[in-house]
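Laboratory data are not the source of any read-out in this text; all were calculated from the coordinates shown. No experiment lies behind these values; they were computed from the predicted model shown. Neighbour counts are summed over all protein chains in view; Cβ atoms, including those assigned to glycine, are modelled from backbone coordinates with ideal geometry.
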């Protein structure tokens, strides 16, 4: 078990963490549990230094891309109307690469700005982008133009997962809804089911043995989340969907019939991240400060998930976990601004080090090729490149948001690299609590800062 690094369990740091509770509702949501930050993000300086470091490597000079001024280059252009309501979004296109403040092959491409409300979730499927916010609506974009949209009856959208032609959305009200594109422009997307199904929920509710106590004097059927669904992940090989919730449970669903196969009381506090990884392992990160590793094995006559490792046990909340399956590396971001990582070698996970690149809480992580991207409450996105031997170098810092960066989505850039074919390029979408989604072009090519 790896304890927290940098001695953040001392009295001084504990007082700072407790002081962060005041800003919790601003950072994520009024009911977001136990994810603390050390300072109010509104008081954080916008001209943050670009020097990032890792205790696992010696870091080369890196770049701070302050691209926010390009918002004023062109007048806002209103989007086409959504098929179900007037769009509250505005498209802010940008000019040339030079105008966008490109350094090398990395820079801001464009932005989608909402009239009101935070962006909590993003998902990509081919050329479509799905965005979830606190409006209960899911918007669908194609080439930065609004393609379609659909809305739920309740619950802001905390998580989106696209599986084939189905879209799964996790909501604040504890429900997982399933949608499908109808092919008809007027209707757009229609809801085709829920997890659990109404039939299964009613059937389960009729047996007293199926009830579990979740709070004092409150019992609910075990097959349903009773608090916000914050994260989902797909095990494509076995046709399983995993969901994590503020109710501290991880549930396992059979995609073929939407049945809940298992409910695991996984943590002592809210689950903020669940990820299907390599070697049949599933990783969960929680506000209780732990990262746990699970494996589905045959127990008696049934397959159940058992706890294999506890990778991390610290005071600061674990806010995000992501896995690079190619390199068999696990990353965990925390509310103290650190990113711990582990490498899978000789059938075991060993702690590789800590990436120190943010001043405030790390809220989201994403991997792409050799890159790790980390979004933070300090409003920045750090682009890390994994070198040989587990060394990580911060290539650049993307500064374009005016609020905490809450979610990330990445896809490979389809255009040919005109500058250097030796470096792979990616398109990165970042959702923020400043009500915007930024679109970035990111290269694995090292950047040089001429500030």
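From most to least packed by mean Cβ count within 10 Å, the peptides 400-408, 191-199 give 400-408, 191-199.
Extension gain residue 265-residue 127, at 0.36 nm per residue separation less the Cα-Cα distance, in nm? Each step should come with its number before you reach the end.
Working: separation 138, 0.36 × 138 = 49.68 nm, distance 3.71 nm.
Once the chain is fully extended between residue 265 and residue 127, it gains 46.0 nm.
When the square roots of the Cα gyration tensor eigenvalues are ordered a ≥ b ≥ c, the ratio a/c for region 350-443 is 1.5 or more and a/b does not exceed b/c, which makes its shape oblate.
To the nearest µm²/s, what D does Stokes-Einstein give for region 184-298 at 37 °C and 0.692 mPa s, using the Kirkwood radius over alpha carbon pairs as Rh? Each step should come with its number before you reach the end.
Details: Rh = 15.2 Å.
Diffusion coefficient, whole number: 216 µm²/s.
In terms of the mean number of neighbouring beta-carbon atoms within 10 Å, the peptides 222-230, 343-351, 164-172 order highest first as 222-230, 164-172, 343-351.
Any chance you could tell me what percent of the C-alpha pair distances in region 127-259 go past 17 Å? Can you show the working numbers first?
On the way: 5285 of 8778 pairs.
In whole percent, the long-distance tail amounts to 60.
Treating r as the C-beta distance of residue 213 and residue 190 and R0 as 35 Å, the FRET efficiency rounds to 0.45.
Distance between the 7 Å Cα→Cβ label points at residue 391 and residue 257: 5.4 nm.
If you plug the beta carbon distance of residue 313 and residue 346 into 1/(1 + (r/R0)^6) with R0 = 30 Å, you get a FRET efficiency near 0.85.
Kindly state, to the nearest 0.05, the FRET efficiency for residue 279 paired with residue 206, given R0 = 30 Å and r defined as their beta-carbon distance. Intermediate values should be presented prior to the final figure.
On the way: r = 39 Å, r/R0 = 1.31.
The value I calculate is 0.15.
The modelled label-to-label distance between residue 153 and residue 304, using points 7 Å beyond Cα along the C-beta direction, is 3.5 nm.
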